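I have placed the structure first, in the form of structure tokens, so that the comments after it can refer back to it.
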Amino acid sequence: MAHANPLFADMGTTIFAVMSQLAAEHKAINLGQGFPDEDGPLAVREAASRALIEGPNQYAPMRGVPALRQAIAAHAQRFHGFEFDPDTDVVVTSGGTEALAAAILGLANPGNEAVLIEPAYDSYRPMLRAAGAAVRSIRLQPPDWRLTEEALAAAFTPKTKVMVLNTPHNPVGRVFTRDELMLVARFLERFDAVAICDEVYEHLVFDGREHVSLLSLPGMRERVVRIGSAGKIFSLTGWKVGWACGDASLIRAVANAHQFITFATSPALQMGVLHGLTHEMEFTLGLTRALQAKRDLLTNALAKVGFKVLPCEGTYFLTADISGLTNESDRAFSERLTREARVTPVPLSVFYGPGAPEHLVRFAFCKKREVLEDAGRRLEKHFASAR
């Protein structure tokens, strides 16, 4: 590996692949990796299927099929009141993660600093480092995971040019409030920085809360790139169709990076997503209600056996404190739970940089109700026998 980039050469396999393989080996219920176990609307899949058969199946336009870009702009206007020009303010990507990569490569500069909120989705840090940016972290504290002015002040410096902000937040399910986002907006203006806002869980917000996009706040139009994902909206994560929206001056840089990463996304899948955004949003709104009930079901099952479950305001992930159950690290506990109870979480420490806490794990509840009920029974049986 002497000739390889050390950033990637020294990197292990993602924890999601590791835990999913372990789950398969032990026939465990995999609540680690965040993918639904039921596909999204049949009509969306049928639209993609027709487009695949009828074609064309050649390169789509680099920025995305024009009709889909129009639908993405209409979706943003309907749910958030944004006015995006489909020709200049929207780019379709091969998944939300590619949109993030293109935004980071397009907007982060070598020698500058980027602010990251920990715990953080695991692609942010390596992509920022690959772009040459130095990462400064804000570490949120359980159980409320609040973003404070003091934390922002400690992270921002005159070298700060980019912030990555994720709300609703993966992995801890936090939905940042308007007041917290107003703080972020003030720091972006003060330090002349931009934000890459990962909002792929924008519709998965519970208990009547409001998802507020940073882009909606005064002065943020020219400072925010907003990331979305059809995989999250329509439970079609394998399709890998995402997008980035924002002011043309920012999206131009994102699109220029995108053209050298994947160039274009499957035209058939884009046509399926087009149908979804224009005809199937009731599925997504119903999904939110169903997931809230599943969150409560899994919360009760985990609490019953001794986990301290932290609040979940959005996404489809629960964070649980294991310190009342074991002295093991979160990774050792997750592996043992997979082998012995045949239920798989992921350790939360993988979402941090050095010095990560090791007493928290994450469970995904985007599964069939009967699967979650079975997981609860397995956990109850396991911890009863362990006492």
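Derivation of every value follows stated rules applied to the coordinates shown; laboratory data play no part. Predicted, not measured: the structure shown is a model, and the values here were computed from it. For neighbour counting, all protein chains shown are included, and Cβ atoms are generated from backbone atoms with ideal geometry for every residue, glycine included.
Check Val194: other-chain or 5+ apart residues with amide H under 5 Å from its amide H, H built from backbone geometry?
Under 5 Å from the amide H of Val194: Val162, Met163.
Per residue of region 96-101, in order, report the coupling 6.51 cos²θ - 1.76 cosθ + 1.60 (Karplus, θ = phi - 60°) as ³J(HN,Hα) in whole Hz, putting x for Gly and Pro.
Couplings: x, 5, 5, 4, 4, 4 Hz.
Quick one: grab the alpha carbon gyration tensor of region 1-134, order the square roots of its eigenvalues as a ≥ b ≥ c, and give me rounded if a/c is under 1.5, else prolate or oblate depending on whether a/b is larger than b/c.
oblate
At a threshold of 8 angstrom on Cα-Cα distance, excluding pairs fewer than six apart, so keeping six or more, what relative contact order does region 272-362 reach in percent?
In percent, rounded to a whole number, it is 21.
If amide hydrogens are placed 1.01 Å from N in the peptide plane, which non-local residues have theirs closer than 5 Å to the one on Ile29?
It is Val343, Thr344, by chain and number.
Just subtract the alpha-carbon distance of Glu38 and His80 from 0.36 nm times their residue separation and send over the number in nm, one decimal.
In short, 12.3 nm is gained.
Determine ³J(HN,Hα), in whole Hz, for all residues of region 249-255 in sequence, where each value follows from phi through the Karplus function 6.51 cos²θ - 1.76 cosθ + 1.60 and θ = phi - 60°; x replaces Gly and Pro.
For region 249-255, the Karplus-derived couplings read 5, 8, 5, 4, 5, 5, 5 Hz, x marking Gly and Pro.
Beyond a 18 Å Cα-Cα separation, which of these cross-linked pairs lie in this structure: Lys304/Lys368; Lys240/Lys368; Lys294/Lys368?
Violating the 18 Å Cα-Cα cut-off are Lys304/Lys368; Lys240/Lys368.
Give me the percent relative contact order of the chain, please, defined on Cα pairs under 8 angstrom at least 6 residues apart.
25
Tell me, what HN-Hα J-couplings in whole Hz come from the Karplus equation 6.51 cos²θ - 1.76 cosθ + 1.60 at θ = phi - 60° for each residue of region 35-47, using x for Gly and Pro?
Going residue by residue, I get 10, x, 9, 10, 6, x, x, 4, 4, 5, 5, 5, 4 Hz, with x marking Gly and Pro.
Quick check: convex hull of the Cα atoms in region 87-165, volume per residue, rounded to a whole Å³?
113
Net charge around His275, counting only other residues with Cβ within less than 14 Å of its Cβ (Lys, Arg = +1; Asp, Glu = -1)? Please list the in-between numbers first.
On the way: positive: Arg45, Arg50; negative: Glu46, Glu54, Glu280, Glu282.
Spelling it out: positives minus negatives among the neighbours equals -2.
For a quick protection proxy, order the peptides 345-353, 4-12 by their average other-Cβ count within 10 Å, most packed first.
Output ranking for 345-353, 4-12: 345-353, 4-12.
Under the 0.36 nm per residue contour assumption, what length would be gained going from the current alpha-carbon distance of Lys304 and His3 to full extension?
Extra length available between Lys304 and His3 comes to 103.2 nm.
Output the peptides 163-171, 305-313, 213-221 sorted from most to least packed, where packing is the average of other Cβ atoms within 10 Å over each peptide's residues. Working shown, then result.
Details: 163-171: 25.1, 305-313: 19.3, 213-221: 17.7.
Taking the mean over residues of other Cβ atoms within 10 Å, the ranking is 163-171, 305-313, 213-221.
In the P(r) worked out for the chain, what percent of Cα pairs fall beyond 41 Å?
11
By average Cβ neighbour count within 10 Å, what is the ranking of 58-71, 359-372 from highest down?
Going by the mean number of other Cβ atoms within 10 Å, highest first, we get 359-372, 58-71.
So how much slack lies between Arg190 and Arg289, counting 0.36 nm per residue of separation and subtracting their Cα-Cα distance, in nm?
Length gained, Arg190 through Arg289: 31.7 nm.
Please express the Cα-Cα pair-distance distribution P(r) of region 215-338 as a list of whole percents, one per 10 Å bin, running from 0 to the bin with the greatest distance.
10, 26, 27, 23, 14, 0
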